[in-house]
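This report refers to the structure that appears directly beneath it.
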Amino acid sequence: MKQSEGERNHPEVQKIFDQQSREIHIRVDRGFKILLLIQWLVAIVVGILVTPSTWVGSFSGAVENALVGLVFGGLFSLPAIYCVHVFAGERFTRYLVAASQMCFSILFIYLAGGRIESHFHVFVSLAALAFYKDVGVLGWASFIVIADHILRGHLLPMSLYGQEEHAQWRWIEHSLWILLEDIILIIGIERLRFELQEMAYSKFQLMKAREEALQLSSIKSSFLSNMSHEIRTPLNSIIGFADILRDTPLDEEQQGYVGTIHRCSDSLLHLLNDVLDISKIENGLLQIDRHRFDIKELHKDIHRIFAVKCQEKGLQLQVHVDETIPSFALGDSHRLRQILMNLVGNAVKFTDKGSIHVSLHRDPLVESRYHWAIRDTGRGIKKENLNKLFRSFVQEDATVSRTHGGTGLGLMICKNLVELMGGNIVVDSKVGEGTVFSFTLPLDEA
């Protein structure tokens, strides 16, 4: 509990609260900038149309009253409008805006000849000023209008109430109504300020949690990097000695053992690479290298790499590159190879009969955009499982890793690599018919 109270009083929480309040003050300032201009025009119109029909009209005409609205409306609005334009969000600006707004209330009451309905402008103005969520502004505005009621109520009651009889103490009634509205508005303001404070505290907690998560992620990345280095050194030795041992005279059973060592070591090496790539992606450290490469030769390599495995499984492997594709392109060939290796490798892994077809063609509308499609005639994927494919450590079902191996990292890495290079990837599949992984990438002709 004490820790929570301490965090609520943290300077950063107050800083967030002040920033939120300032944003509110700026928005309200700009709103009053428009309102003051409108009221200036309305004051002129009221001076022309309404004032001549009141007791003021007995000694002044429409032109004189329009001039009153023009001059005093300008005096009340222009300084505040200037401050809003130059010093929006500042404390003195909102106090000047409050003074200008209440002066307009005083002006409208005078131009209306003190009619009782004109006093409602005071209450509407106070309600509008409450949007600042600043009790001080509300108190300052109330002080101005109450002072005006006291002075004019004694010196010139006709301009305030439209009559001189029984007007001496009416300012008390009007002041009480203003104070009553102030009480209601202050309760609302304090409630809103409390909610703003809670929002600031929640935002502070989110920022703190994010910083902790980033710190933990950094520690995790450092740990993975160090562990990868430590594991790679003996693992490369195991793979190297397995290759040497395979070239020595061995019987059939021993050859099987060496093959198992080699396959398991190679699988572990791929897992290490995938985990490191995921870590780099999560921390924004994965760099995309843009260079010139032979795009057709890259696809020939893909065909050579998987041709033997497809022959062993009795699969047909076709790699088709459209004739309009140029020989050389600008992009990251290493990451493109990684994407194709993952997608074609998955197609081979999950296809027991039929064929695998890799195609590449240009977008007919945007020549610099290339479209790949990897089709297989494998087991297919259930519709409800399609959305899970691109998540870390997630596979279609529990039997996949047991039957075919893998960790569920490959597709997540593919998705992130494609998006980092400015493309997108989608999947379409039907159970029992096969799956199509399609992705697009922007590549410039070299």
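Before moving on, here are some points about what is shown:
- Among the residues of the stretch 173-230, just one is closer than 30 Å to V122 by Cβ, modelled with pLDDT under 90 and open to solvent by 90 Å² or more (accessible area, probe 1.4 Å), namely E173.
- Restricting attention to the stretch 79-125, the residues that are touching an Asp or Glu at 6+ places or on another chain (Cβ under 7 Å) and either assigned to a helix (DSSP H, G or I) or without any contact (Cβ under 8 Å) to a residue 12 or more places away in the chain (or both) total 6.
- For D332, the conditions (1) open to solvent by 20 Å² or more (accessible area, probe 1.4 Å); (2) more than 24 Å from G432 (Cα to Cα); (3) at pLDDT below 90; (4) not small (G, A, S) are fulfilled apart from (1).
So that you can scan it fast, the table gives a plain yes or no per residue for (1) part of a loop (DSSP other than H, G, I, E, B); (2) out of contact with any Ser or Thr (no Cβ under 9 Å at 6 or more places or on another chain); (3) modelled with pLDDT of 95 or more; (4) open to solvent by less than 10 Å² (accessible area, probe 1.4 Å):
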residue: G57; (1), (2), (3), (4): no, no, no, no
residue: S60; (1), (2), (3), (4): yes, no, no, no
residue: V68; (1), (2), (3), (4): no, no, no, no
residue: V145; (1), (2), (3), (4): no, no, no, yes
residue: Q168; (1), (2), (3), (4): yes, yes, no, no
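The values are calculated or read from the model by the stated rules, or taken from the named source; none is laboratory data. Quick caveat: nothing in here was measured; it's all calculated off a predicted structure. Every residue, glycine as well, gets a Cβ built from its backbone with ideal geometry; the counts of neighbours run over all protein chains shown. These area figures cover heavy atoms from the full protein model, side chains too; ligands, DNA and RNA do not enter into them. Shrake-Rupley method; radii C 1.70, N 1.55, O 1.52, S 1.80 Å.
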